[in-house]
């Protein structure tokens, strides 16, 4: 059951070094670090634009990404961001590397006593909470933790600590999902 | 005695034109041009760079070209050259509003009337018959517009051209980003251009349909019933389905739907669209025959349901009898139709992005590879998918080569095709083209299929759906971007 014992995974320490190189080159080539939740947020803003541009304009937070530009009178495109392409690249890279190491298949990683449905519901709720929290913290594990932590930003280290403390303290309550 | 052909021309004295717009108003009144449209307009072009600037003002309209691409592209003969003159006119009774002529016109001089037919400047043909000048010329307060017959050496325009320096209002305009327009009418005209786009659903289906037909006919010709069951018996059904969807989309794109029958009351040798509409009509039955002849093996559930109907039963029997003949006929037709969409676009002189005959082969290969991906999605036979992935891999490589050649062709033709190519090279369609089409639609499936051949386990739906996505993306981009590209750079 343990994922890490499966074959063909990269040594985590080596992978860490590679990730650091990717992060560094991201700073060099795009001028900003890695992120994940930003792409999701921008996609959500894009969807909201389709439904009601008016709502996006009137919301301070949303209008920053997809509000109507006062000079050109056209709505900003929230997808016009490096993050979108980065996440797209992550997906493509994930699929390619998965294919390369022969583990490209549809699977559900879940504990033995949970049903697939429960797993999806919990994953969705957890993801939604984490996404919401990430926007309050101004970034997710990759954006604020990885990219910010690498630059030794104080806020990033506080957030990272909070993420780990949160995970440890709640693991007890959700342990039955996995054992 | 045969009357000499009149070659009417308009000469604009750019030294005296002040851009007042009276010609535009006169035309609107004379020809009752509806609000929001215009048959002539004012251009003010700024040339050079600061401090060496030059400005030219002129009145423009349809130039009644010697070789009018609009007339040659018209599938119904609605656009025609008036006998004994060079005046191109539109027969509104014959016009279906297919907008082929709008895409073909390098001057963007045509527009769709609210009624649905295409209209444009007629050089005030009705006034010429009475011996009068066109309304714009008669009205011009600075007398900068001159009108007459170039074949008559004594006419005003012929004498002017002898005595003054002149240039033909051609495509070699200086592209200038600093132009300004002062007249409402010109802006309005731009609005009408954008609403006159052809539907982007027009051609996606055609090449894919052609692809399914190629696969099905080849499998039948080579009797691959056992080895390639999906190609042999299943894929044919997609042909009529995609074709019907596409034909419906085409119909809805016509601005004058009641005139749709006009496609089939004439055959225009010079119009690719006319070739296309006749071929489609004639070979619809072939596609249905291929489907019916293999329905029993391929889609037994549908077969059971429809076979009880007497007519269908008879048709199935007939199709089975002539199955090989149908396959032999279908193959060349499918190749023709696969090429056709690209050639149709490339013949539209007015849209430089499309002006490359390589577009035909590109569409053919892309349609073929998209159809192969459809087979991959449908097939449950491992041997078959393995074989088809290999063919698809080759098709993708060929497509990559052809797309490179196409871009090279654009970049080395004229300054206008180069401008058009820039739509993909940093212009507004770059991301869709490079990330969507080339990246996700070609390179990633190429890598995945290569891995599959090397023995990795790749779920076959991944490369297949990416290829279909890329194929549709490519068609969408080509149709959209093509209509943004233009000869008119002011």
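The values are calculated or read from the model by the stated rules, or taken from the named source; none is laboratory data. All figures in this text were calculated on a predicted structure; none of them were measured in a lab. A quick note on method: Cβ atoms are made from the backbone with ideal geometry, for glycine too, and the neighbour counts reach across all protein chains shown.
Selection over segment B:415-451 of residues that are part of a helix (DSSP H, G or I), more than 14 Å from chain A (Cβ to nearest Cβ) and free of Cβ contacts under 8 Å to residues at least 24 places away in the same chain gives a count of 1.
So which residues in segment B:248-279 are closer than 24 Å to residue B:72 by Cβ and either in contact with a strand residue (DSSP E or B) (Cβ under 6 Å, 6 or more places away or on another chain) or at pLDDT below 85 (or both), if there are any at all? Within segment B:248-279, B:250, B:251, B:253, B:254, B:255 qualify. Among the residues making up segment A:140-154, those that are touching a residue at least 12 places away in the same chain (Cβ under 8 Å), closer than 22 Å to residue A:40 by Cα and assigned to a helix (DSSP H, G or I) are A:141, A:142, A:143, A:144, A:145, A:146, A:147, A:148.
With respect to being within 14 Å of another protein chain (Cβ to nearest Cβ), touching a helix residue (DSSP H, G or I) at 6+ places or on another chain (Cβ under 6 Å) and either within 25 Å of residue A:41 (Cβ to Cβ) or at pLDDT below 90 (or both), residue A:160 falls outside the description.
Within segment A:84-139, being under 23 Å from residue A:160 (Cβ atoms), within 14 Å of chain B (Cβ to nearest Cβ) and either surrounded by fewer than 16 Cβ atoms within 10 Å (Cβ to Cβ) or touching a residue at least 60 places away in the same chain (Cβ under 8 Å) (or both) holds for A:86, A:90. Here the condition is being outside any helix (DSSP H, G or I) and either in contact (Cβ under 8 Å) with a residue 60 or more places away in the chain or in contact with a helix residue (DSSP H, G or I) (Cβ under 8 Å, 6 or more places away or on another chain) (or both); of B:350, B:367, B:360, B:342, it holds for B:350 alone.
Annotation: of all residues in segment B:370-399 being in contact (Cβ under 8 Å) with a residue 40 or more places away in the chain and under 12 Å from residue B:450 (Cα atoms), the one that is farthest from the chain's Cα centre (by Cα) is B:386. Here segment B:400-414 is the region considered, the condition is being assigned to a helix (DSSP H, G or I) and in contact (Cβ under 8 Å) with a residue 24 or more places away in the chain, and the residue that is farthest from the other protein chains (Cβ to nearest Cβ) is B:409.
Here is a yes/no grid of residues against (1) modelled with pLDDT of 90 or more; (2) more than 18 Å from the chain's Cα centre (by Cα):
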{"residue": "B:323", "(1), (2)": "yes, yes"}
{"residue": "B:344", "(1), (2)": "no, no"}
{"residue": "B:348", "(1), (2)": "no, no"}
{"residue": "B:359", "(1), (2)": "yes, no"}
{"residue": "B:363", "(1), (2)": "yes, no"}
{"residue": "B:401", "(1), (2)": "yes, yes"}
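Answer yes or no: is there a residue in segment B:258-265 that is touching a residue at least 40 places away in the same chain (Cβ under 8 Å), more than 25 Å from residue B:378 (Cα to Cα) and in contact with a helix residue (DSSP H, G or I) (Cβ under 9 Å, 6 or more places away or on another chain). Yes. The single condition among (1) within 24 Å of residue B:65 (Cβ to Cβ); (2) buried (at least 17 other Cβ atoms within 10 Å of the Cβ); (3) modelled with pLDDT of 80 or more that residue B:189 does not meet is (3). When residues in segment B:468-478 are screened for being away from every other protein chain (no Cβ under 14 Å) and buried (at least 23 other Cβ atoms within 10 Å of the Cβ), 4 of them pass.
Scanning segment B:72-87 for residues that are in contact (Cβ under 8 Å) with a residue 24 or more places away in the chain and either under 15 Å from residue B:117 (Cα atoms) or buried (at least 22 other Cβ atoms within 10 Å of the Cβ) (or both) turns up B:73, B:74, B:75, B:76, B:77, B:78, B:79. So, residue A:19, is that one within 30 Å of residue B:455 (Cβ to Cβ), within 14 Å of chain B (Cβ to nearest Cβ), in a helix (DSSP H, G or I) and out of contact with any strand residue (DSSP E or B) (no Cβ under 7 Å at 6 or more places or on another chain) or not? Spelling it out, it is not the case that residue A:19 is within 30 Å of residue B:455 (Cβ to Cβ), within 14 Å of chain B (Cβ to nearest Cβ), in a helix (DSSP H, G or I) and out of contact with any strand residue (DSSP E or B) (no Cβ under 7 Å at 6 or more places or on another chain).
Listed conditions (1) at pLDDT below 90; (2) under 19 Å from residue A:143 (Cβ atoms); (3) more than 14 Å from chain B (Cβ to nearest Cβ) are all met by residue A:4, apart from (2). The set of residues in segment B:452-464 being part of a helix (DSSP H, G or I), within 13 Å of chain A (Cβ to nearest Cβ) and crowded, with 16+ Cβ neighbours inside 10 Å consists of B:452, B:462, B:463.
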